[in-house]
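A.B. asks: Once you've had a glance at the structure underneath, I'll fire off some questions.
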Amino acid sequence: MKKKILLFIFIIILVYAIGGIIFWFLNRKPEVVRISNLDSISGYNYNLKSNDKELYKSEFKILKKNLESNEINKEEYAKSISKMFIIDLYTLNNKINKYEIGGEQFVYPDAVENFKLNVQNTIYKYLEDNSNNFRKQELPEVSNVTINNIENIDYTIKDQTFKGYKVKLSWEYVKDLGYDKEGELILVTIDKNIYIVEKN
């Protein structure tokens with residue numbers, strides 16, 4: 001009789017424990033991915049975010065030092081944003097979803113919407129949502145960017161000609177998943193800012 005009572009109590013405790021685990025699992029709130037700004041560059045609309053990778057952070061420091069100096073080196077400015085654009089655009093493993101487009105802060109303002117739509121329908125088309133931090137998808141991360149050539153050019157936008165640069169780059173990944181590895185960017189100088197107007 002005593003053994004039956006103990007067994008009954010043990011079964012009740014076991015049922016409560018299992019029920020509690022199931023209740024916790026079904027009602028737990030997923031960890032929401034939050035992104036914050038870590039740094040910015042005075043006088044410019046460039047921000048460093050908490051989910052940016054180390055390679056991007058290193059280049060951001062170089063850009064910040066240049067742009068906050070007494071004498072800005074325009075060619076180095078163009079090189080930095082070219083590298084950062086490629087790093088941010090082709091590093092997908094830190095993006096929450098396909099609407100968080102890498103590199104858009106470097107694009108010529110009038111071209112941003114077209115750029116975003118194009119990226120969402122191509123490079124980011126199959127990017128799974130990670131707002132709850134559950135994504136298991138294998139995604140690319142840029143590990144190195146090389147400027148192969150930079151030349152001065154003139155570039156016309158709506159009958160107005162601007163000084164600019166043509167930059168040829170190549171890049172590598174932590175793991176090769178078949179994404180682009182080289183390209184050409186066209187940049188223009190408008191007032192104090194340099195913008196990317198074309199990616200070939």
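The values are calculated or read from the model by the stated rules, or taken from the named source; none is laboratory data. What you are looking at is a predicted structure, and each value in this text was computed from that prediction instead of being measured. So basically every Cβ, Gly included, is an ideal-geometry build from the backbone, and we count neighbours across all protein chains shown. Side chains included, ligands, DNA and RNA excluded: accessible areas come from the protein's heavy atoms. Shrake-Rupley method; radii C 1.70, N 1.55, O 1.52, S 1.80 Å.
A.B. asks: Counting just the residues of region 61-94 that are polar (S, T, N, Q) and not in a helix (DSSP H, G or I), which one comes out farthest from the chain's Cα centre (by Cα)?
C.D. replies: Filtering first and then ranking leaves Asn70.
A.B. asks: Going residue by residue through region 123-141, is there one that turns out to be open to solvent by less than 30 Å² (accessible area, probe 1.4 Å) and touching a helix residue (DSSP H, G or I) at 6+ places or on another chain (Cβ under 7 Å)?
C.D. replies: Yes: one or more hits.
A.B. asks: Cβ contacts < 8 Å: first residue among the hydroxyl-bearing types (Ser, Thr, Tyr), restricted to region 178-200; second residue part of a loop (DSSP other than H, G, I, E, B), any location; separation 6+ or different chain. Result?
C.D. replies: Hits for this filter: Tyr179/Ile123; Tyr179/Pro140; Tyr195/Tyr108.
So that you can scan it fast, the table gives a plain yes or no per residue for (1) open to solvent by 50 Å² or more (accessible area, probe 1.4 Å); (2) in contact with a Lys or Arg (Cβ under 8 Å, 6 or more places away or on another chain); (3) touching a residue at least 60 places away in the same chain (Cβ under 8 Å):
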{"site": "Leu48", "(1), (2), (3)": "no, yes, no"}
{"site": "Lys57", "(1), (2), (3)": "no, no, no"}
{"site": "Lys61", "(1), (2), (3)": "yes, no, no"}
{"site": "Ala78", "(1), (2), (3)": "no, no, yes"}
{"site": "Ile81", "(1), (2), (3)": "no, no, yes"}
{"site": "Ile96", "(1), (2), (3)": "no, no, yes"}
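A.B. asks: Could you list all residues from region 95-115 that are of a type in the set (A, V, I, L, M, F, W, C) and either over 15 Å from Val188 (Cα atoms) or part of a loop (DSSP other than H, G, I, E, B) (or both)?
C.D. replies: If the condition is that a residue be of a type in the set (A, V, I, L, M, F, W, C) and either over 15 Å from Val188 (Cα atoms) or part of a loop (DSSP other than H, G, I, E, B) (or both), then Ile96, Ile101, Phe115 are the ones that fit.
A.B. asks: Next up: Can you spot a residue in region 91-113 that is closer than 20 Å to Tyr56 by Cβ and of a type in the set (Gly, Ala, Ser)?
C.D. replies: Within region 91-113, one or more residues are closer than 20 Å to Tyr56 by Cβ and of a type in the set (Gly, Ala, Ser).
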